[in-house]
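Bear in mind these aren't lab numbers, they're just calculated from the coordinates by the rules spelled out. Treat the numbers as computed from the prediction; the structure is a model and nothing was measured. Using ideal geometry, Cβ is built from the backbone for each residue, glycine included, and neighbour counts are taken over all protein chains shown.
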């Protein structure tokens, strides 16, 4: 049975700042009501509950029914809504509730104040291995999974959430940072940490369909932010050439008039230099070039490596000025390594450990398409989080670094099934102790725009 949804309506229900969404069956009858929380989470409302009846008894229910059935034909609007049978409403709720539990417990760690083990038992979620029933549009069956170690981890404590996504490119340039909209009065985007009125418009990402998540305890937390700066040297003739080049190379965003003035200035400079006989720059660069040619020629004639600096230094204690500077070369990609020691306390936890290892290995494996092409492995999103009592709505910690919203690649998994140098296992051959080393690399650099959009009371990325 296919269902359609209405837009959210401001109906007064027990949850503050929540809205309601009406669902309709293929006969355009109301078959269910969902609650849309302030955080954007949509979950079904229990039939015949106070909130359910309040939503059905409101005028918005009649209006939503008319809009769904008659669309823009307002002359056909009626004064009463139609709703499905109680049995159909109950069945629809049960299906929606099951889907909400299966997906919601993967994407939202804050909504339910219960342990991972309780959530898995409640939703009756199987393992990934038991659900690989065939190939779908994204490889394996597209069903989100949740794994955690320890099995009964408390989500109200700080933890690391590793979420796996299908690799999906929506743009040829996935390196670009988010665009900022709403700058301050000085025209600079959130200068000095003032992020008032600044919001993210778009940014580069390759995160596609959700595949599932792994919840692990907080690891040793470190981050290294770096920028690539390199030494640059230009002697006299190099400086002269750079000066000429700067006259020819345009600036980003220049107008046609600015471009024409630049070309005219370069033409005039070139004509001026062509007729120059005694200019100081010309004399110095010509002398430097002459010295280098002489030194190189002499070295070749005598079969030795000789340069102008060597000759000048031995003659008069001088060398060509390299005009050395440190210049920005580009951004640096960050990598993160996590080490986990996992001990199974029972069979369920042993199975969970195996599920986690397999889930991560599947995510990092390249996908064979043909003898010519391979498809990229899945990618990951990492978050340091906390459940109830979190400092902000998304539960992401402000006291430690954040990870690139553009995603990360899992480049290596090093699993040691006998870290004590000897084999030790339970009766079912589950190793007593396993160590797992994970190495992630961010897919794109962290830019200024990324840092600006983080909370001002956080440490940023």
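Backbone N atoms of segment 367-388 closer than 19 Å to the 7 Å Cα→Cβ label point of residue 441 belong to residues 367, 374-382.
On full extension of the chain, what length is gained from residue 416 through residue 432, given 0.36 nm per residue of separation minus the C-alpha to C-alpha distance?
Result for the pair: 4.6 nm of gain on full extension.
If a spin label sat at a point 7 angstrom from the Cα of residue 220 along the line to its beta carbon, the backbone N atoms of segment 150-168 nearer than 20 Å would be those of 150, 158-161. By the count of other C-beta atoms within 10 Å, a proxy for reagent exposure, 423, 229 are ordered fewest to most as 423, 229.
Averaging the Cα positions of each part gives two centres, and for segment 39-100 and segment 388-461 these lie 41 Å apart.
In plain terms, the chain from residue 343 to residue 2 could stretch by 118.2 nm, reckoned as 0.36 nm per residue minus the Cα-Cα distance. Rounded to the nearest whole angstrom, the semi-axes of the ellipsoid equivalent to segment 4-107, taken from the Cα gyration tensor as √(5λ), stand at 23, 15, 13, largest first.
Full extension of the chain segment joining residue 375 with residue 333 gains 12.9 nm, where the gain is 0.36 nm per residue of separation less the Cα-Cα distance.
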